[in-house]
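The values are calculated or read from the model by the stated rules, or taken from the named source; none is laboratory data. These figures come from a predicted structure and were not determined experimentally. Note: ideal-geometry Cβ built from the backbone for every residue, glycine included; neighbour counts use all protein chains shown.
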Amino acid sequence: MVTIENLAFCYRKSKHEVIRDFSLRLEKGKVYGLLGKNGVGKSTLLYLMAGLLTPKRGQVLFHKTNVRKRLPITLQDMFLIPEEFELPSVSLISFIELNGPLYPLFSKEDMVKYLNCFEMSLDVNLAALSMGQKKKVFMSFALATNTSLLVMDEPTNGLDIPGKSQFRKFIASGMSDEKTILISTHQVRDVDKVLDHVLIMDNTRILLNASMMDISRNLLFQENDNRELAEQAIYASPTIQGNSMILPNMNGTESEINLELLFNATLASTDVITGLFHK
């Protein structure tokens, strides 16, 4: 669905390339989690994917069309939710009437369904909502457009604890085999239960590109106070109980994936982790 080829980008008045020689492919029917340290270009990558920034080199193809052309056929089939945004001071009904027609597959019935996930309704005025409520409304509209690509930058920022739990239900209820959702986040615990695939990036490459199934198959996540086992681990982090650790999964044992631990392990032991998935 999305092909990124040898992408490079730098902002004006800067010689530093935020992204350089970066390539990636996204398939339909998956929820991707995009992880990376601050400053590696995650948000920039999302804006390049949406055609809002012009790359210095390379290109982003969406259904084989260069997104920078900003063609209607492309714009009506993708939706970007930035980390920060403004909504007009109108009723939600008016917002839908103005913006819904821009997306041929927009469904008011779906909009109601997604709002219900957040215990909200159509009968609200956007000006009267808190930032967290606005985010819930905007995400509901985005998913109701039924675009084949939905890109979300830090979607759980600003949500309260119930809202973060509702977000997981919201994503699950709106996913289909024809959609691709890319979530860029630092809040890995908010999204780990909805992801099909994990991408961990730096400026030039994807350090880890693996499905949750492959991660579970290759890595064993444990937490205990066994020092000898910790010494054998690919990565270990001290906890109150002893150590959270990642070990090679030699016997196909199932364990609960700790994405935060996996992220830290990938940065600390990149060659070891990637070697298990990219032999």
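Of note:
- The listed residue being closer than 24 Å to V18 by Cα, at pLDDT 90 or above and under 23 Å from the mean Cα position of the chain (by Cα), out of L261, L195, L208: L208
- Lone unmet requirement of (1) surrounded by fewer than 19 Cβ atoms within 10 Å (Cβ to Cβ); (2) over 18 Å from G33 (Cα atoms); (3) touching a strand residue (DSSP E or B) at 6+ places or on another chain (Cβ under 6 Å) for T145: (1)
- Looking only at residues in the stretch 211-222 that are surrounded by fewer than 17 Cβ atoms within 10 Å (Cβ to Cβ) and of a type outside the set (S, T, N, Q), the one that is farthest from the chain's Cα centre (by Cα) is R217.
- Residue in the stretch 173-180 that is crowded, with 18+ Cβ neighbours inside 10 Å, farther than 21 Å from T44 by Cβ and in contact with a helix residue (DSSP H, G or I) (Cβ under 6 Å, 6 or more places away or on another chain) present: yes
- In the stretch 1-33, the residues that are part of a loop (DSSP other than H, G, I, E, B) and either of a type in the set (A, V, I, L, M) or under 11 Å from L61 (Cβ atoms) (or both): M1, V18
- Counting the residues of the stretch 7-26 that are surrounded by fewer than 15 Cβ atoms within 10 Å (Cβ to Cβ) and closer than 25 Å to S211 by Cα gives 3.
- Scanning the stretch 242-277 for residues that are assigned to a loop (DSSP other than H, G, I, E, B), in contact with a helix residue (DSSP H, G or I) (Cβ under 8 Å, 6 or more places away or on another chain), free of Cβ contacts under 8 Å to residues at least 60 places away in the same chain and not acidic (D, E) gives N249, G252, S255.
Per-residue answers, yes or no, for (1) in a helix (DSSP H, G or I); (2) at pLDDT below 95:
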| site | (1), (2) |
| --- | --- |
| V112 | yes, no |
| F138 | yes, no |
| F141 | yes, no |
| V151 | no, no |
| K164 | yes, yes |
| A172 | yes, yes |
| E178 | no, yes |
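- Any chance T266 is of a type in the set (V, I, T), surrounded by fewer than 20 Cβ atoms within 10 Å (Cβ to Cβ) and more than 17 Å from the chain's Cα centre (by Cα): no
- Residue list for the stretch 35-52, restricted to those being surrounded by 14 or more Cβ atoms within 10 Å (Cβ to Cβ) and either small (G, A, S) or in contact with a helix residue (DSSP H, G or I) (Cβ under 6 Å, 6 or more places away or on another chain) (or both): L35, G36, G41, S43, A50, G51
- Filter pass, E231 being under 25 Å from the mean Cα position of the chain (by Cα), farther than 26 Å from S184 by Cα and exposed (fewer than 15 other Cβ atoms within 10 Å of the Cβ): no
- Among the candidates G51, G29, G39, G33, residue that is more than 27 Å from F263 (Cα to Cα) and among the small types (G, A, S): G51
- Within the stretch 147-163, residues that are more than 19 Å from L182 (Cβ to Cβ) sit with their Cβ atoms under 8 Å from residues that are of a type in the set (V, I, T) and in a loop (DSSP other than H, G, I, E, B), at 6+ positions apart or across chains, in these pairs: G163/T156.
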